[in-house]
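J.: Just dropping this structure here.
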Amino acid sequence: MAKGNKHFLSVGEFAKLSRTTKATLWHYDKIGLLSPVSRGEDSKYRYYRSEQTTTVHFIRTFQLLGMSLEEIKNLKTTLNPKTAEKFFMRQLETINMKIDEMVRTKKLILTLKKSMESVANINEKEITAQYMPEEAIILGGLNDYSRGRDGYDALLSFYHEMSKQHTEVDLNYSVWGILSKESILREDYVHPDRLYFYNPDGHDRKPAALYAIGYNRSWYGEGGELYKRLLAYIEKNGYEICGDFYEEHPLNEICIGDANNYLMRVMVPIRKKRGKKTVKSAKK
């Protein structure tokens, strides 16, 4: 077959047209996946038709779905109009599942990124009062510490509860603790009343409020000193507690090697104590 025939393409021309390489085409030919329509007398030259780009696209598409070349070869020889539709419907279901999984993974990564960025420019030794906007969370029920149950038991119960009530939710988010004012005042810093995690699809809310916020470098459950500093700050600056304490570790084992150097953050809603004038005004 004449090399210059306008109906045929050399291996180099066809590789360029199909956006692949000559080495790839030679391999396809070797394993019987895609062969040239004509060869030179000495088999040195291979010639393809432009229509064969469809086969290259077919191969590339199913490689993206994770299929091996051998699987694609078998598929190519067994598909027919009756089986093709069913096969493609199954593939579409698989693709949609992967898309949903990637969307959930993207939300998880963005949440982790946001958490780390929130402590990028903080003064770890300073306690501040800051207004924080409302945030979506998923909140567990009250933890049960009866009969010797501890924080590990509470966490297991939390995951069990989440897996039953939120089957569509990614449970790979970092889990944090909520401690009541009563727990902190009796100096119980290791038994969160409830557990939660941030999730953009969560139906629960961490309320928008003015928060007293403090930081500490410590392992999980070792925040006693920080809680005492927060209470002292609140009292000294004329505030009063008007909500629960939210305990988090925005920098943890994901990015910190030393467990004793995790960055702990505690936040609690506060408001200015009402003075006598405010009280009289309210009575009017």
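The values are calculated or read from the model by the stated rules, or taken from the named source; none is laboratory data. Nothing here was measured: the structure is a model prediction, and the numbers come from that model. Heads up, the Cβs are rebuilt from the backbone with ideal geometry, glycines too, and the neighbour counts pull from every protein chain shown. Each accessible area value is taken on the protein alone, full model and side chains, heavy atoms only, with ligands, DNA and RNA left out. Shrake-Rupley method; radii C 1.70, N 1.55, O 1.52, S 1.80 Å.
J.: Net charge around residue 177, counting only other residues with Cβ within less than 11 Å of its Cβ (Lys, Arg = +1; Asp, Glu = -1)?
T.: It works out to a net charge of -3.
J.: Project the alpha carbons of region 170-222 onto their principal axes and report the range along each, largest first, in whole Å.
T.: 34, 26, 20
J.: Report ³J(HN,Hα) in whole Hz for each residue of region 103-115, in order, from the Karplus equation J = 6.51 cos²θ - 1.76 cosθ + 1.60 where θ = phi - 60°; Gly and Pro get x.
T.: The phi angles translate into 5, 5, 5, 4, 4, 4, 5, 5, 5, 5, 4, 4, 4 Hz.
J.: Assuming 0.36 nm per residue, please report the length gained on full extension of the stretch residue 100 to residue 153 beyond their Cα-Cα distance.
T.: 16.0 nm
J.: OK, next. Select from 148, 214, 223 the residue whose mean-square fluctuation is largest in a Gaussian network model of the chain (Cα-Cα springs shorter than 10 Å).
T.: Result for the chain, Cα springs under 10 Å: 148 fluctuates most.
J.: What number results when the radius of gyration of region 1-109, computed over Cα atoms, is divided by 2.2 N^0.38 Å?
T.: Dividing the Cα Rg of region 1-109 by 2.2 N^0.38 Å gives 1.34.
J.: A follow-up question, please. Quick check: the angle from helix 224-236's long axis to the longest principal axis of the chain, C-alpha only, nearest 10 degrees?
T.: On a 0 to 90 degree scale, this one is about 60.
J.: Let me check I've understood the local charge: for residue 58, count other residues with C-beta under 14 angstrom from its C-beta, Lys and Arg +1, Asp and Glu -1. What total comes out?
T.: After counting each charged neighbour, the total is +2.
J.: Moving on. When every alpha-carbon pair in the chain is counted, what percent end up more than 30 Å apart?
T.: 55
J.: DSSP loop GluC sites (Glu not before Pro) in region 21-129 with at most 15 other Cβ atoms within 10 Å of their Cβ, which ones?
T.: 41, 124, 126
J.: In Å², and per residue, what accessible area does the chain have when probed at 1.4 Å with the other protein chains present?
T.: Per residue, the chain has 63 Å² of solvent-accessible surface.
J.: Pairs 106/206; 44/76; 44/82; 113/206: which exceed 29 Å Cα-Cα?
T.: 44/82
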